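Q: Please find one structure pasted underneath; my questions will follow.
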Amino acid sequence: MQARTGVPLLVGHHRRHNPIVAEARRILASGALGRLVTVTGLWLARKDERYFDAAWRREPGAGVLLINLVHDLDLLRFLCGEIASVQALASHAARGFAVEDSAALLLQFENGALGTLSGSDATAAPWGWDQNAGENPAVFAQQPEQPCYLLAGTEGSLSVPQLKLWRYGEERGWHHPLLCRQGQPSPGSAMHNQLRHFVQVARRECPPIIDAADAARTLALVEAARQAARERRPVTPQAL
């Protein structure tokens with residue numbers, strides 16, 4: 001539709017607009033991590049029981065993969081590149097609903113990196129973007145000292161959202177200490193940046209940071225994870 005009508009379409013994956021994410025992308029692009037080797041992601045929280053008063057949140061079409069981990073998968077794509085294959089396990093053992101409350105994903109990136117992503121809405125845990133990134137403190141209790149993504153490469157590693165960059169000094173190897181440098185994101189709010197970008201897109205001043213085709217690749221990845229969990233096998237994301 002976007003190509004046919006010429007009307008730009010911006011999809012609301014707001015984390016892409018966070019200055020922390022922009023700085024993490026800059027660090028990755030600088031080569032400070034060397035070749036990316038492993039990616040670890042966590043989204044662990046405990047939703048209160050009232051959240052599930054709405055019946056649709058307990059039924060097929062909901063679940064932690066489609067409601068929550070979709071945002072983490074989009075951000076991992078944005079930071080680390082496309083994902084070629086996914087394996088997954090899902091469970092509803094904690095809450096007993098028809099949909100999963102927990103999932104564990106094994107990711108193979110096109111650049112050769114390997115990743116894991118664990119998510120649950122039934123855990124008392126401080127590790128997740130909503131608790132760690134400070135985007136919406138009025139809704140989510142904050143644990144800003146905790147990371148939710150750990151990116152490790154041949155030359156260094158990065159914790160996100162803290163932006164702690166770990167690299168060796170002159171001597172390298174596990175017998176020598178790693179040195180930590182703190183990244184500094186630009187001031188700003190993800191929500192404000194997203195609204196500003198929306199206006200710029202509407203005025204044709206820039207292309208969308210995430211258009212329909214890009215967002216569809218994230219959704220295809222979620223669907224691949226759901227299929228992998230059902231069939232207990234690796235699945236390649238298919239275009240929607």
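Q: Within the stretch 148-169, does at least one residue satisfy the condition of being in a strand (DSSP E or B), of a type outside the set (S, T, N, Q), within 19 Å of Gly63 (Cα to Cα) and in contact (Cβ under 8 Å) with a residue 60 or more places away in the chain?
A: Here is the first cut: in the stretch 148-169, the residues in a strand (DSSP E or B) are 149-153, 156-160, 164-168.
Those left that are additionally of a type outside the set (S, T, N, Q): 149-153, 156, 158, 160, 164-168.
Keeping just the survivors that are within 19 Å of Gly63 (Cα to Cα) gives none.
No; the residues of the stretch 148-169 include none that is in a strand (DSSP E or B), of a type outside the set (S, T, N, Q), within 19 Å of Gly63 (Cα to Cα) and in contact (Cβ under 8 Å) with a residue 60 or more places away in the chain.
Q: Continuing with the same structure: Given the condition within 30 Å of Glu100 (Cβ to Cβ), modelled with pLDDT of 95 or more, over 17 Å from the mean Cα position of the chain (by Cα) and in a strand (DSSP E or B), answer yes or no: does some residue in the stretch 231-240 qualify?
A: yes
Q: Can you spot a residue in the stretch 66-81 that is surrounded by fewer than 17 Cβ atoms within 10 Å (Cβ to Cβ) and over 22 Å from Ala133 (Cβ atoms)?
A: Checked the stretch 66-81: no residue is surrounded by fewer than 17 Cβ atoms within 10 Å (Cβ to Cβ) and over 22 Å from Ala133 (Cβ atoms).
Q: May I pose another question? Can you go through Ala122, Ala215, Ala133 and tell me which one is in contact with a strand residue (DSSP E or B) (Cβ under 7 Å, 6 or more places away or on another chain) and surrounded by 17 or more Cβ atoms within 10 Å (Cβ to Cβ)? Walk me through it before giving the result.
A: Working: Ala215 fails: in contact with a strand residue (DSSP E or B) (Cβ under 7 Å, 6 or more places away or on another chain); Ala133 fails: in contact with a strand residue (DSSP E or B) (Cβ under 7 Å, 6 or more places away or on another chain).
Answer to the check: Ala122.
Q: Buried (at least 22 other Cβ atoms within 10 Å of the Cβ) and free of Cβ contacts under 8 Å to residues at least 60 places away in the same chain: does that describe Val99? Talk me through it step by step, then tell me what you get.
A: Values: buried (at least 22 other Cβ atoms within 10 Å of the Cβ): no; free of Cβ contacts under 8 Å to residues at least 60 places away in the same chain: yes.
Answer is no for this residue.
Q: Looking at (1) touching a Gly at 6+ places or on another chain (Cβ under 7 Å); (2) under 12 Å from Trp43 (Cα atoms); (3) without any contact (Cβ under 8 Å) to a residue 24 or more places away in the chain, which one does Ala104 not meet, given that it meets all the others?
A: The one condition Ala104 does not meet is (1).
Q: Tell me whether the stretch 177-188 contains one or more residues that are among the hydroxyl-bearing types (Ser, Thr, Tyr) and modelled with pLDDT of 95 or more. Reasoning before the result, please.
A: In the first step, residues of the stretch 177-188 are kept if they are among the hydroxyl-bearing types (Ser, Thr, Tyr); the result is 186.
Of the ones still in play, those that are also modelled with pLDDT of 95 or more are none.
Within the stretch 177-188, none of the residues are among the hydroxyl-bearing types (Ser, Thr, Tyr) and modelled with pLDDT of 95 or more.
The values are calculated or read from the model by the stated rules, or taken from the named source; none is laboratory data. Please read these numbers as outputs of a predicted model, since none were measured by experiment. So basically every Cβ, Gly included, is an ideal-geometry build from the backbone, and we count neighbours across all protein chains shown.
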